[in-house]
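Chemist: One structure is given below, represented as structure tokens, and several questions about it will come after.
The values are calculated or read from the model by the stated rules, or taken from the named source; none is laboratory data. A quick note: this is a predicted structure, and the numbers were derived from the prediction, not measured. Positions of Cβ are backbone-derived with ideal geometry, glycine not excepted, and every protein chain shown enters the neighbour counts.
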Amino acid sequence: MLLALLFAGSMWFYVQHVLVPYQKVDAAAHGRPRGNLSDLYPRWLGTRELLLHHHDPYSPEVTREIQIGYYGRPLDPERADDPKDQQGFAYPLHVVFLLAPTMGLPFPAVQTGFRWLLVVLTLVSVFLWLRVLGWRPRCAVTAMLSVLTMGSYAVVQGIKLQQLTLLVSAMLAGCGAALVAGHFWLAGFFLALATIKPQLAVPVASWLLLWAISDWRRRQVFVWSFGLSTAIFLAASEYVLPGWMGRFRDAVSAYRQYTGGAGSLLDVLVTPGLGRILAVVAVIAVAITGWYVRRAPHDSAAFSTMLALVLAVTLVIVPTFAAYNQVLLLPAAFLIAASWRDLWRRNRLTRLACGVGLLVVFWPWLACCGLMLASFFLPASSVQKAWAVPLYTSLGIPLVILGLLSVGAGDLMFGAGDPARRF
């Protein structure tokens, strides 16, 4: 527990006293604007403009207003050092229904409240994922998992930026926990809410709909709940802003243009062409696996493992790479932790993979501890020059977790069918 607290504390120290100060100095040196830098702000302002003033949140006028708050001034295309991300309202319109209760409040109050909401939901999601996986660790282990989760770079970055990915992750955890408990109607509603980030929710929804259709008589409630909830969100969105789907599509297209076409983790690690090929291979492999376990009971190890596998693959193929999305790796990481002894004892190759995975995953914490220690002896400016060191393995974390999960997932999914068994 002391080591977990040290790791978590060092990560928060790194972000607060190394990364953010470096970014401020770098921005000042290049004349780069810095406003509130809250990922919630574009969605919140778009909600206010739509529901209070009946303005199109996807319009250039609202985008300019967003830039004034987010960056501190409108972006100038003539300035080479200005950010390329226009911070437009590039979300499905039904996100406004989640934010509607906050539209009458000043943004600083909303920002503070939302930050604490993300803290609470992320902690709750730890317990929900443990329930989904059927893992009942000792209280001390659960506490350590919670501390490490709250001290991971993905969660710290998500909380600092007020990123809606943490909200979507909690909704997906709620969906999984409701399914495992047999509350199919509630699971469908949570999944529909999670579609505010369709790139993260669609792969999971595809697998769960296949799973539900494979036993229609018992699982149709989930399909009806998800379908009806989604239909209500779409109809309500069309009512408040007719033709919003076309505007949303244009906003997404514009986003991909000014971010250089974006790209998945695989695109970044190899090349866009090879990355797309590998992504297709990954999707086909997961689809085949899902087809074979589509009849697994909702409280079985095969079902929960497949859910963790789909989320891990989503992170690899999603067309944008951001560290805060790695919060979706929680169920996969927990499964690996639960099965660590079996993985380690399997053979020399898996022991090597476990060793590499351990180094890759724990490197950010080790590096942050080193920077925190160095701050006692070196000037802050010298420590800040090493701001990138804890991020060296960021690209590798999803791959090593997916790889280790895949090693043990096969035995669990296609082995003997004890629903309580974990690999």
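Chemist: On the basis of being crowded, with 21+ Cβ neighbours inside 10 Å, touching a residue at least 24 places away in the same chain (Cβ under 8 Å) and under 30 Å from Trp387 (Cβ atoms), does Leu5 make the cut?
Modeler: Numbers: crowded, with 21+ Cβ neighbours inside 10 Å: no; touching a residue at least 24 places away in the same chain (Cβ under 8 Å): yes; under 30 Å from Trp387 (Cβ atoms): yes.
No; evaluated as a whole, the condition is false for this residue.
Chemist: OK, next. Return a yes/no flag: does region 251-258 have any residue that is within 28 Å of Ala333 (Cβ to Cβ) and either among the aromatic types (Phe, Trp, Tyr) or touching a residue at least 12 places away in the same chain (Cβ under 8 Å) (or both). Break it down into steps so the answer makes sense when it comes.
Modeler: Going residue by residue through region 251-258, those that are within 28 Å of Ala333 (Cβ to Cβ) are none.
No; the residues of region 251-258 include none that is within 28 Å of Ala333 (Cβ to Cβ) and either among the aromatic types (Phe, Trp, Tyr) or touching a residue at least 12 places away in the same chain (Cβ under 8 Å) (or both).
Chemist: Spot the failing condition for Gln162; the list is (1) touching a Phe, Trp or Tyr at 6+ places or on another chain (Cβ under 8 Å); (2) on the phi < 0 side of the Ramachandran plot, and only one is missed.
Modeler: Status for Gln162: all satisfied but (2).
Chemist: Please find, among Trp216, Trp224, the residue that is free of Cβ contacts under 8 Å to residues at least 24 places away in the same chain and over 26 Å from Pro398 (Cβ atoms).
Modeler: From the options Trp216, Trp224, the qualifying one is Trp216.
Chemist: From the set of residues in region 95-116 that are under 20 Å from the mean Cα position of the chain (by Cα) and among the aromatic types (Phe, Trp, Tyr), which is farthest from Thr47 (Cα to Cα)?
Modeler: Trp116
Chemist: Okay, moving on. If you go through region 179-198 one residue at a time, how many are crowded, with 22+ Cβ neighbours inside 10 Å, without any contact (Cβ under 8 Å) to a residue 40 or more places away in the chain and within 14 Å of Trp224 (Cα to Cα)?
Modeler: So the answer is 3.
Chemist: Would a scan of region 272-280 turn up a residue that is in contact (Cβ under 8 Å) with a residue 24 or more places away in the chain and part of a helix (DSSP H, G or I)?
Modeler: So in region 272-280, the residues in contact (Cβ under 8 Å) with a residue 24 or more places away in the chain come out as 279.
With part of a helix (DSSP H, G or I) added as a condition, the list becomes 279.
Checking region 272-280: at least one residue is in contact (Cβ under 8 Å) with a residue 24 or more places away in the chain and part of a helix (DSSP H, G or I).
Chemist: Somewhere in region 131-152, is a residue closer than 30 Å to Ser38 by Cα and crowded, with 23+ Cβ neighbours inside 10 Å?
Modeler: At the first step, the residues of region 131-152 found to be closer than 30 Å to Ser38 by Cα are 143-152.
From what's left, crowded, with 23+ Cβ neighbours inside 10 Å: 152.
Looking for residues that are closer than 30 Å to Ser38 by Cα and crowded, with 23+ Cβ neighbours inside 10 Å, one finds at least one in region 131-152, hence yes.
Chemist: Also: Mind checking which residues of region 157-167 are among the hydrophobic types (A, V, I, L, M, F, W, C) and buried (at least 22 other Cβ atoms within 10 Å of the Cβ)? Even if it seems obvious, please write down each step before you answer.
Modeler: Within region 157-167, the subset among the hydrophobic types (A, V, I, L, M, F, W, C) is 159, 161, 164, 166-167.
Those that are among the hydrophobic types (A, V, I, L, M, F, W, C) and buried (at least 22 other Cβ atoms within 10 Å of the Cβ): Leu164, Leu166, Leu167.
Chemist: Would you be able to tell me the number of residues in region 117-142 that are over 25 Å from Pro42 (Cα atoms), out of contact with any Ser or Thr (no Cβ under 8 Å at 6 or more places or on another chain), in a helix (DSSP H, G or I) and of a type outside the set (Gly, Ala, Ser)?
Modeler: Qualifying residue count, region 117-142: 7.
Chemist: For the list (1) modelled with pLDDT of 95 or more; (2) closer than 30 Å to Arg48 by Cβ, I need the number of the one condition that Trp224 fails.
Modeler: (2)
Chemist: Next up: Do we have any residue at all in region 37-51 that's touching a Pro at 6+ places or on another chain (Cβ under 6 Å) and surrounded by fewer than 19 Cβ atoms within 10 Å (Cβ to Cβ)?
Modeler: Filtering region 37-51 down to residues touching a Pro at 6+ places or on another chain (Cβ under 6 Å) leaves 46, 49-50.
Filter again for surrounded by fewer than 19 Cβ atoms within 10 Å (Cβ to Cβ), leaving none.
No, region 37-51 has no match at all.
Chemist: From the set of residues in region 57-76 that are of a type in the set (Phe, Trp, Tyr) and in contact with a helix residue (DSSP H, G or I) (Cβ under 8 Å, 6 or more places away or on another chain), which is farthest from Ala27 (Cα to Cα)?
Modeler: Tyr58
Chemist: Tally the residues that are touching a helix residue (DSSP H, G or I) at 6+ places or on another chain (Cβ under 7 Å) and more than 15 Å from Leu99 (Cα to Cα), restricting the search to region 29-56.
Modeler: We begin by selecting, within region 29-56, every residue touching a helix residue (DSSP H, G or I) at 6+ places or on another chain (Cβ under 7 Å); these are 34-47, 49-51, 55-56.
Checking the rest, the ones that are also more than 15 Å from Leu99 (Cα to Cα) come to 34-37, 55-56.
Residues that pass the stated criteria total 6.
Chemist: Could you identify the single residue in Tyr41, Tyr22 that is more than 19 Å from Ile196 (Cβ to Cβ) and of a type in the set (Phe, Trp, Tyr)?
Modeler: Numbers: Tyr41 fails: more than 19 Å from Ile196 (Cβ to Cβ).
Matching residue, one of Tyr41, Tyr22: Tyr22.
Chemist: Moving on. Suppose we filter region 292-330 for residues that are touching a Ser or Thr at 6+ places or on another chain (Cβ under 9 Å), farther than 14 Å from Asp215 by Cβ, modelled with pLDDT of 90 or more and of a type outside the set (A, V, I, L, M); how many remain?
Modeler: 3
Chemist: OK, next. Report the residue count in region 222-258 for those that are exposed (fewer than 14 other Cβ atoms within 10 Å of the Cβ) and outside any helix (DSSP H, G or I).
Modeler: Residues in region 222-258 being exposed (fewer than 14 other Cβ atoms within 10 Å of the Cβ) and outside any helix (DSSP H, G or I): 2 in total.
Chemist: Next question. Scanning for something within 25 Å of the chain's Cα centre (by Cα), among the β-branched types (Val, Ile, Thr) and surrounded by 21 or more Cβ atoms within 10 Å (Cβ to Cβ), does region 19-31 turn up at least one residue?
Modeler: No - not one qualifying residue is present in region 19-31.
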